[in-house]
Amino acid sequence: MVDNGSTDETWNYLNNNIKDSDNIKILKIEKNIGYGNGIFEGLKETSGEIVSWTHADMQTDPLDV
């Protein structure tokens, strides 16, 4: 999961609720320089056989995965 320069409590939430997961990595980008950069930086950190991304703000139900 990528926190792409958010200014709310997204990073704290991710860090406190997902940090112990073996299946999900979290990445913090300090300054948002665009949607594409967030995707690119996240993809650079992947190591899985299957990789995907979606828009933020629950535009896609996580159960769809």
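The values are calculated or read from the model by the stated rules, or taken from the named source; none is laboratory data. Please read all numbers here as calculations on a predicted model, not as lab measurements. All Cβ positions, even for glycine, are placed from backbone atoms using ideal geometry, and neighbour counts span all protein chains on display. What goes into the accessible areas is simple: the full protein's heavy atoms, side chains included, and nothing from ligands, DNA or RNA. Shrake-Rupley method; radii C 1.70, N 1.55, O 1.52, S 1.80 Å.
Mind listing whichever residues of the stretch 18-39 are under 12 Å from Met1 (Cα atoms) and either under 13 Å from the mean Cα position of the chain (by Cα) or modelled with pLDDT of 90 or more (or both)? I'd like the intermediate steps shown before the answer.
Initially, the stretch 18-39 is screened for residues under 12 Å from Met1 (Cα atoms), giving 18-19, 21, 23-29, 38-39.
Those that are under 12 Å from Met1 (Cα atoms) and either under 13 Å from the mean Cα position of the chain (by Cα) or modelled with pLDDT of 90 or more (or both): Ile18, Lys19, Asn23, Ile24, Lys25, Ile26, Leu27, Lys28, Ile29, Gly38, Ile39.
List the number of the failed condition for Gly5; all other conditions in (1) on the phi < 0 side of the Ramachandran plot; (2) in contact (Cβ under 8 Å) with a residue 12 or more places away in the chain hold.
Failing condition for Gly5: (1).
Of all the residues that make up the stretch 40-65, how many are at pLDDT below 85, open to solvent by less than 70 Å² (accessible area, probe 1.4 Å) and β-branched (Val, Ile, Thr)?
Selection size over the stretch 40-65: 2.
Looking only at residues that are of a type outside the set (Val, Ile, Thr) and open to solvent by 100 Å² or more (accessible area, probe 1.4 Å) in the stretch 26-39, which one is farthest from Asn16 (Cα to Cα)?
At the first step, the residues of the stretch 26-39 found to be of a type outside the set (Val, Ile, Thr) are 27-28, 30-32, 34-38.
Narrowing the set further to residues that are open to solvent by 100 Å² or more (accessible area, probe 1.4 Å) leaves 30-31, 35.
Values: Glu30: 18, Lys31: 21, Tyr35: 24 Å.
Among those residues, the one meeting the criterion is Tyr35.
State whether one or more residues within the stretch 6-25 are touching a helix residue (DSSP H, G or I) at 6+ places or on another chain (Cβ under 9 Å) and open to solvent by less than 50 Å² (accessible area, probe 1.4 Å).
no
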